[in-house]
1. Measuring from label point to label point, each 7 Å out along Cα→Cβ, what is the A:VAL8 to A:ASN133 span in nm?
2. Can you find, among A:GLY86, A:THR138, A:ILE188, the residue sitting farthest towards the positive end of the charge dipole of the stretch A:49-254, where Lys and Arg contribute +1 and Asp and Glu -1 at Cβ?
3. Fewest Cβ neighbours within 10 Å first, please rank A:PHE111, A:PHE187 accordingly.
4. So if we plug the beta-carbon distance of A:LEU23 and A:GLU99 into 1/(1 + (r/R0)^6) with R0 = 45 Å, what FRET efficiency do we get, rounded to 0.05?
5. Which ordering of B:SER44, B:SER165 is given by a fewest-first count of other beta-carbon atoms within 10 Å?
6. Using the alpha carbons of the protein assembly as shown, what is the convex hull volume per residue in cubic angstrom, as a whole number?
7. Any chance you could give the angle, 0 to 90 degrees and rounded to 10, that helix A:257-288 forms with the longest Cα principal axis of chain A?
8. Could you tell me the distance between the Cα centroids of the stretch B:132-195 and the stretch A:122-199, to the nearest Å?
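Any read-out appearing in this document is the output of simple, stated calculations on the displayed coordinates, not a laboratory observation. Here the structure is a predicted model, which is why all the values come from computation and not from measurement. Here the Cβ is made from the backbone with ideal geometry for all residues, glycine too, and neighbour counts use every protein chain on show.
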Amino acid sequence: MKFLNLIVKNAFRHKLRTILTILGLAITIMAFGIVRNILEVFSFSESDLIPGHLITTHKTSQMQFLPYSHIEKMRQVEGVKAATYGFFIGFRYGDDPEEFFMRMAIDQDNFYKIRTDWEVSEEDIEDFKNTTNGALITPHLKLKNGWEEGDVVTIGSDYFETLSLEVEIVGTLAFKREENQQLDMMFIRGDYFRRAIGQEVSPELEHQVGWIELLADPPDDAAEIAARVDSLFMNSDMETSTKPVNAYATAQIDRFRTIITALKVSSYLMIGVILLVLINTMSMVARERINENAVLKTLGFRARHLITLNFGESLFVAILGAILGAALIWPGIILFKALMPFLGQVKFEWITLAWVGPALVIVGILASLVPVIKAVRTSIVDGLRTVE
Amino acid sequence: MAESIVQTRNLYKEYIRDDMRIPVLYDINLDVPKGEFLALMGPSGSGKTTLLNLIAGIDRPTRGDLSVAGESVAALTEGQLAHWRATHIGFIFQFYNLIPVLTAFDNVELPLLLTKLSGYERRKHVEAALAIVGLADRMNHYPRQLSGGQEQRVAIARAIVTDPSILLADEPTGDLDRQSAESIMTLMSRLNSEFNMTIIMVTHDPRAADAAKVVRHLDKGELT
C-alpha cells in the first residue's frame, strides 16, 4: 500500500496514452463480454430440460412433415405418457424486414401436459381452447408491440407465403428458463393452422404436423421408449426419428457449431488484443523508466519493489479498463439487440465477469513482464547512463 | 586519527566492452575518515565516477578490497547490497533524478518507504530533511515547479532523510548556474560541519572542490 501513490501517479504519467490504453481495453472487454453473452444463448443445462421429454421428427429430414395420425398411435406405445405436436409458422411480420417474431402452432389440448417449462395460467389455457383463432404470446412480445388480450392480429407464414391468418390474443405464455424470457414468440392453435393450410395451400396438409413431442414414463427409460416409438413406423414411408430433447437440442446447436466456434475463437483473440494493447503501453514504460529504475535501485529499492511497482501499474491500468469495459457490456448488449433483434434473448450474464476478472489479472501479469525483466536486469550503472 | 569509514586496498576495476578489457581504476588505496569532506577531482574518463559508484555499492570491483561503513561491500549479494545502500548511502546525482510525477515531499519520502517507519514518522523525517535544505515551504511542489538549485536541494533532502553513514555526490553542481552551485556547496559544507556527515564528492569544478576539506586527484585511473 505504501507504493500505491507512486503506482497511480506513474500510471497517469502520460495521461493521453493511459486514457487511450484504458479505452482500448474497455472497448475490447465490452466486445468480449457481448460475444461471451451471445455464446451463453447457445448453452443449456440438464436442469433446463423436462425429464422424459422426447421429440419426434421425420427420419429423412426435420423439414418434412409427419402424419397427424402418428400421434394417436404413439399414445398407445408403452411408456408414452402424453403426446402433443407443433408446427413452425414463420418469423417475418409485416413488410418491415426488421419486424419479426417467432410463430408456432401448438396442440391446444395437450401442450401443457408436456411443456411444463412454459407457464400459462389455467384461465388462459381455457381461453386458448375455447377460441378457434386464439393465440398466446410471450410477455416480452406483448410489451414490445403493446398488444392486449382481445386484440386481433393478422399474421403470415414464411413457408406458405399466400397464407394470411387472423388471430385473437387470448393470453400469455412465459418461459420458465430465465434466458428465454426475452424471446418474442406467438403460439396459435394447431387445429386452426392445419385447417387453414389445408384450405389455402394443399388439402393433405390439414392432416400433417411439423413435429411430435412425447413424454416418456419413466424418464430414465426415455431412450428405450424412443426406440419403441420409431420401430412402430419402421419401413413405412413416414419413418420417424425420436430423440431425447437434450440430444435434439445438441443437434440443433451443432448446426451453428461453426459460428459458435468462430465466436469462441474471437473471444480468445480479444484477450490477445487486450494483452497486446497493455504490453505495448508497458513496453514504452520499460523504455522510459530505465534511468528512473536505476535511481530507485540506488536508493535501495530491490527487485521485489520494482516488480510491485511495475506489476501494480500494469494491473491498475488493466483494472480501470476492465471496470469501464464491464460497465459498457450491458449498454453494449442493449445496442446490439437494437441492431440485431433476432438475437433478442441475449442478456447480461454475471458469468462474463468471472471470465473478465481472472483474464485481466493474467494479462496484467504478462504485460508487466517486459518492464519487470528490463528493470531487474539492467545494472544500475547502465541504467544511470541511459538518457531519457 | 579518526576511524576510516571508507577503506580501499588495491582496488581495481575494468569493464568488458565487445570482448575488450578496458581498465578504469588501478590499485586504488584510499582511506576516508568519518566526518571527512573529500573532493575527488580529475578530467573526464579518469575514473572518479567509477570509484564513487564502487563506494556506493552500485557497481562491483574487479578485484581488491573495499570496505564501507564497516562492510566488505563486494561480498554482499544483490539483495543485501540494496538493503545496505538503503541504510548507509545517500546519493546525490548531477541531474537530480527526481521522480517528476511526485511532489518534493513524496520524492524525499521514497527511501523511507523501504523502512518500517509509520506514516507519521515518515512525515516527521521528511519535514525535517526539507527544513534542513531550506525547502519546508515547497514540499507540495512538483519538480517542474522548482528551479534547478531547488531540485538539487530536494535531491539532497532525499539523500539525507534516512540519516545515512556517508553522503556521495556525483557532480552535484554540474548542471547548475554559479549562484545555485555556491548555494548547494554551502549546504553541503553545513551538512559536513553541523551534522558531521561524511561526504565524498566527485567534481571537476575547482570552486566546488574548495568547499571540501580534502581534495584528491584521479588521473587515468590512478590516485595521485
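1. Modelled inter-label distance: 6.7 nm.
2. Result: A:GLY86.
3. Taking fewest neighbouring Cβ atoms as first place, the list is A:PHE111, A:PHE187.
4. FRET efficiency, A:LEU23 to A:GLU99: 0.80.
5. The order, fewest Cβ neighbours first, is B:SER44, B:SER165.
6. Looking at the protein assembly as shown, the number lands at 230 Å³ per residue.
7. Roughly 10 degrees, rounded to the nearest 10.
8. If you average the Cα positions of each part, the centres end up 85 Å apart.
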